[in-house]
1. Just checking, which of Gln67, Gln152, Gln91 is exposed (fewer than 15 other Cβ atoms within 10 Å of the Cβ) and not hydrophobic (A, V, I, L, M, F, W, C)?
2. With respect to the numbered conditions (1) open to solvent by 40 Å² or more (accessible area, probe 1.4 Å); (2) of a type outside the set (Gly, Ala, Ser); (3) in a helix (DSSP H, G or I); (4) touching a Leu at 6+ places or on another chain (Cβ under 7 Å), which one is the sole condition not fulfilled by Glu58?
3. In region 110-141, what residues are under 15 Å from Thr162 (Cβ atoms), outside any loop (DSSP other than H, G, I, E, B) and modelled with pLDDT of 90 or more?
4. If I ask for residues that are exposed (fewer than 14 other Cβ atoms within 10 Å of the Cβ), farther than 19 Å from Val103 by Cα and not basic (Lys, Arg), which ones from region 204-225 would you list?
5. For residues that are more than 24 Å from Gln190 (Cβ to Cβ), in contact with a helix residue (DSSP H, G or I) (Cβ under 7 Å, 6 or more places away or on another chain) and not hydrophobic (A, V, I, L, M, F, W, C), tally how many sit in region 77-113.
6. Of all the residues that make up region 65-88, how many are out of contact with any Pro (no Cβ under 9 Å at 6 or more places or on another chain) and not in a strand (DSSP E or B)?
7. For region 150-172, enumerate the residues that are under 25 Å from Cys110 (Cα atoms) and within 19 Å of the chain's Cα centre (by Cα).
8. When you check Arg74 against the structure, is it more than 30 Å from Ile192 (Cα to Cα), at pLDDT below 95 and open to solvent by 40 Å² or more (accessible area, probe 1.4 Å), yes or no?
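The values are calculated or read from the model by the stated rules, or taken from the named source; none is laboratory data. Just so you know, these numbers come straight off a predicted model, no measurement behind them. As a convention, Cβ positions derive from the backbone with ideal geometry for all residues, glycine included, and neighbour counts pool all protein chains shown. These accessible areas exclude ligands, DNA and RNA; they are computed on the full protein's heavy atoms, side chains included. Shrake-Rupley method; radii C 1.70, N 1.55, O 1.52, S 1.80 Å.
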Amino acid sequence: MRAMILAAGRGERMRPLTDHCPKPLLEAGGQSLIGHALARLAAAGYREAVINLAYRGEQIRTALGAQQHGVMIRYSPEPEGALETAGGIRQALPLLGNAPFLVINGDVWCDHPLLPPPRMLATGAAAPLAHLVLVDNPGHHAAGDFGLQGEQVLQDGGTRLTFSGIGWYHPRLFRDLPPGRQPLAPLLRQAIADGRVTGEHYTGDWRDIGTPERLAALNADLQPR
């Protein structure tokens, strides 16, 4: 199974730190955010990763090269302004192959083991199109995103939780999209309505590193004691 790290965004909320540096290269605990993600992918057994690039993307390519932590890296360049999540994934499909793949937001720090859920490896027309890692709602997103009842993700009902930015997807979810900018939420809502999205409630350490204050907090927590 391959993985994709989303790293094309501008990082407006992280300014001024991102005025001259792409957000995934910001450091915490002596390593970049994207470096932490690649190390965790390697620990989970992933050997190939795709990284999409837009804002200051060449800095990311220069910093990481073709391999990190034993993970071979391929890049999916996007036009200025990027393609949003679904558009970026659709463009990267030729690099991701025909099997389900993992996608991680480049600005998320999480100790999830990233092992693929068995249901995503199933075959057949009824197999899930997506499996989402959901977390308790943080203070800055108290309303959550989706409901979860057992392993089924719902629009409404169940326990209301926040999408972590970590999920596994089948390529079929994106293949009919036209090229260009495409958000992920409409695709997920349709797949949820069709009963094709499963999920899990993860209660470990998860952080959306979206502001300088959250980056500083993570950096402090990752310092040697």
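1. Gln67
2. Tallying (1) open to solvent by 40 Å² or more (accessible area, probe 1.4 Å); (2) of a type outside the set (Gly, Ala, Ser); (3) in a helix (DSSP H, G or I); (4) touching a Leu at 6+ places or on another chain (Cβ under 7 Å), Glu58 fails exactly one: (4).
3. Cys110, Leu132, Val133, Leu134, Val135
4. Glu213, Ala216, Ala220, Asp221, Gln223, Pro224
5. Result for region 77-113: 4.
6. Of the residues in that region, 10 qualify.
7. Val153, Leu161, Thr162, Phe163, Ser164, Gly165, Ile166, Gly167, Trp168, Tyr169, His170, Pro171, listed by residue number.
8. no
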